[in-house]
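So the structure is just underneath, and the comments pick up after that.
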Amino acid sequence: PQPQRSGGVTLTKSPEEELDVLTKCLVDKMENPETDFFGICGNCGQKVIVDEEGCSAMDKVFHVKCFTCTTCGGRLSGKPFYAMENHPYCEECYINSLEKCSVCSKPIMERILRATGKPYHPACFTCVVCGKSLDGIPFTVDATNQIHCIEDFHKKFAPRCSVCHEPIMPEPGQEETIRIVAMDRSFHVGCYKCEDCGMVLSSEADGRGCYPLDDHILCRDCNAKRIQALSARISTEL
Ligand SMILES: [Zn+2]
Ligand SMILES: [Zn+2]
Ligand SMILES: [Zn+2]
Ligand SMILES: [Zn+2]
Ligand SMILES: [Zn+2]
Ligand SMILES: [Zn+2]
């Protein structure tokens, strides 16, 4: 069997028929102008008719004279406009209404990064020390609200070790800083060691306690030796 053709049928209008349609349209309009009614103006509530100047925006129709900026009243038809909460604004008024970045003071057109209650361009939200973008990254502010990455904040404000004088920072990947505070001084865990024998000190319980002598950090044995030496000297001096 032959394959069946499934063809579409094109309807053609003769020129006379088309003319008829046009004529009918004109007649309608003369008899009843409201058939070309375009819609109700979203501003004044009056009918917008095709012959009048109308425009459509924000899913509504408006008289051209009625479609104006909510702030300055300038006509918006044929111009870029911005709809906010269903009210149209001209470009200038829209931009003026935008929040300004706390760093560069320019309006924020796209995503607002809000930190410590202030708006920023994501690209402007950077560490004051290293300049790294802190968009989506943990950050801290100092007393004057300056933004710091965690690392630079610690470097700047962390307590310094009284032995090596380097800042005492959290270990990589750690949130908290572990430091030893003794005799009103701070120490890195690894810097807290006996000045004489170098043994790393920790707690008294495991025999690694600190036995300071005249502001020197000493283990128990070295403390005892120094005291012995001192008393020996005192006795020989006597
Ligand atoms: Zn109107
Ligand atoms: Zn305006
Ligand atoms: Zn900015
Ligand atoms: Zn930084
Ligand atoms: Zn240290
Ligand atoms: Zn020692």
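No value in this document is a laboratory result; all are computed from the given coordinates. Keep in mind that what you see is a predicted model, and the values were worked out from it rather than measured. With ideal geometry, Cβ positions are generated from the backbone for all residues, glycine too; neighbour counts draw on all protein chains shown.
Descriptive notes on the structure:
- Residues whose amide H lies under 5 Å from that of Val48, counting only those 5 or more places away or on a different chain, are Phe38, Gly39, Ile40, Cys41; hydrogens are built 1.01 Å from N in the peptide plane.
- Total charge dipole magnitude, segment 126-210, about the Cα centre, Cβ charges on Lys, Arg, Asp, Glu only, Debye to nearest 20: 180
- What the Cβ-Cβ distance of Asn43 and Cys104 gives, at R0 = 45 Å and to the nearest 0.05, is a FRET efficiency of 0.80.
- Relative frequency of Cα-Cα separations exceeding 17 Å in segment 154-238, percent: 53
- Over segment 81-158 - Rg/Rh using Cα atoms and the Kirkwood inverse-distance radius: 1.12
- Placed amide H near Ile217: partners under 5 Å, 5+ positions off or other chain: Glu195
- Rounded, prolate or oblate (a/c below 1.5 giving rounded, otherwise prolate when a/b exceeds b/c) for segment 113-155 by Cα gyration tensor: oblate
- Summed residue charge, Cβ within 15 Å of Tyr192's Cβ, Lys/Arg positive, Asp/Glu negative: -1
- Distance-filtered residues of segment 91-116 - backbone nitrogen under 14 Å, label point 7 angstrom along Cys72 Cα→Cβ: 91-98
- Centre separation in Å (Cα based) which lies between segment 52-88 and segment 183-197: 73
- Sparse packing (at most 11 other Cβ atoms within 10 Å of the Cβ) combined with a DSSP loop state is found for the following trypsin sites (Lys or Arg not before Pro) in segment 108-178: Arg111.
- Label-point gap, in nm, between Lys60 and Val128 - each point 7 angstrom along Cα→Cβ: 4.7
- Equivalent ellipsoid, segment 32-97 (semi-axes from 5 times Cα gyration tensor eigenvalues, Å): 25, 10, 9
- Net +/- balance of residues flanking Ser231 in space, Cβ distance below 12 Å, scoring K and R +1, D and E -1: +2
- Chain lengthening between Ile137 and Ala205 when straightened (0.36 nm per residue, less Cα-Cα): 20.4 nm
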